[in-house]
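To keep things clear, I will list the structure first and then write my remarks on it.
The values are calculated or read from the model by the stated rules, or taken from the named source; none is laboratory data. The structure presented is a predicted model; accordingly, all values stated were derived computationally and were not measured. Heads up, the Cβs are rebuilt from the backbone with ideal geometry, glycines too, and the neighbour counts pull from every protein chain shown. These area figures cover heavy atoms from the full protein model, side chains too; ligands, DNA and RNA do not enter into them. Shrake-Rupley method; radii C 1.70, N 1.55, O 1.52, S 1.80 Å.
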Amino acid sequence: MPVLHDKEKLKNLLLENNIPLNDAVRRGKFYKEYFDWDKISSDYVKGKSIRDICKEIPLSYDVVRVNLIDKLKKLGAFDRKGKSKFFFNFDLFFPKLNNVGAYLLGWLYSDGYVTDSKIGIGLSSKDTEHLRYLASLMSNKSVSVKGNSCSFDYYSVDLVKAFKDKYNLIPNKSHIDFRIPIDKFKGKEPYLLLGLLEGDGSISNRSPNCSILLSKESYKSLKCYLQGIVDFDSHCNIVVLNDYCLFNVNFTGENYFNFLHYIYANTREVKPLQRKYDRFLNQLNRSIKGKTSPYKKLAVSIRDSLVL
């Protein structure tokens, strides 16, 4: 099992109570007597997962599980194939995708992670509040914050399979030339692009420059859709990042303004990642105030169309 508990905290707890670190029998007896297993069992029955318990007390997954079985005699949904203890908002994605679901899938495609049994998003702690917002759209499960990072994950074999079958959301996306099924996002493309931009994309803090990461196949699909919104023959630079056809698609100049305006003006149902949105607004203001800026009129028009 992965390490979920604070090993250093557990070590100090054992030393403070004169429990030899190499004496498994005394350690096991100490765990049974020291921790309130009536309360821990009650929390588990009410819906708290073993993983959540491990993050609150410095015991390993296996130790918590063994003691819960000793107390309760049987654990529910241990294989994660049954009904989760937490709510998940399936209506955002199934049977029909809506705008908010398209935005969240953009995040999952770009900065998300997928295994056979879970989906999740991990971010720097500076974006904790936005991850809490994303998590609240999907589920009532809380975000975990540890050190300089924060994460949200949801365990469900059935959900992972449904996402894979319908939306081609798969593990190790950056290691294959996977394709986002753009046909499933008809009318919701701006929300998908916003999620992709906020997850793995970038907006320069100094110049009219933004980029988005796409696989070659996904780029080909989105390029056909974006024709007429941006000019791929100028102010657009493609850099191949690895041997698996991962592209960095960079927009500058007029394309920068048109691309970001298209996204932000057409995604009013969700709250954008503020620090990236502010970079765009600051660039608009710089272009408006710049005496020699070639984008002055365009920036004024865009600023007036957005709710600032």
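If we scan the stretch 251-259, do we find a residue that is on the phi > 0 side of the Ramachandran plot and either in a loop (DSSP other than H, G, I, E, B) or polar (S, T, N, Q) (or both)? Checked against the condition, which is being on the phi > 0 side of the Ramachandran plot and either in a loop (DSSP other than H, G, I, E, B) or polar (S, T, N, Q) (or both), the stretch 251-259 yields no hits at all. Listed by first and then second residue, the pairs with beta-carbon distance under 6 Å, at least 6 apart or on different chains, first residue in the stretch 208-228 and over 26 Å from ILE288 (Cα atoms) and outside any helix (DSSP H, G or I), second of a type in the set (D, E, K, R) and open to solvent by 30 Å² or more (accessible area, probe 1.4 Å), are LEU213/ASP200; SER215/ASP177. For TYR191, the conditions (1) open to solvent by 30 Å² or more (accessible area, probe 1.4 Å); (2) within 19 Å of ILE121 (Cβ to Cβ); (3) not polar (S, T, N, Q) all hold with the exception of (1).
Right, PHE163: crowded, with 16+ Cβ neighbours inside 10 Å and assigned to a loop (DSSP other than H, G, I, E, B) or not?
In short, no.
If you go through the stretch 99-152 and keep only what is in a loop (DSSP other than H, G, I, E, B) and either touching a residue at least 60 places away in the same chain (Cβ under 8 Å) or among the hydroxyl-bearing types (Ser, Thr, Tyr) (or both), you end up with THR115, SER117, SER142. The condition of being aromatic (Phe, Trp, Tyr), under 25 Å from the mean Cα position of the chain (by Cα) and either at pLDDT 90 or above or outside any loop (DSSP other than H, G, I, E, B) (or both) holds for PHE247. Among the residues of the stretch 241-257, those that are touching a residue at least 40 places away in the same chain (Cβ under 8 Å) and either open to solvent by 80 Å² or more (accessible area, probe 1.4 Å) or touching a Lys or Arg at 6+ places or on another chain (Cβ under 6 Å) (or both) comprise TYR244, CYS245, GLU254.
Residue by residue, here is whether (1) at pLDDT 90 or above; (2) closer than 23 Å to LEU104 by Cβ; (3) open to solvent by less than 30 Å² (accessible area, probe 1.4 Å) holds:
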{"site": "ILE176", "(1), (2), (3)": "no, yes, no"}
{"site": "LYS184", "(1), (2), (3)": "yes, yes, no"}
{"site": "VAL239", "(1), (2), (3)": "no, no, no"}
{"site": "ILE263", "(1), (2), (3)": "yes, yes, yes"}
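The residue list LEU169, LEU197 contains one member that is in contact with a Gly (Cβ under 9 Å, 6 or more places away or on another chain) and part of a helix (DSSP H, G or I), which is LEU197.
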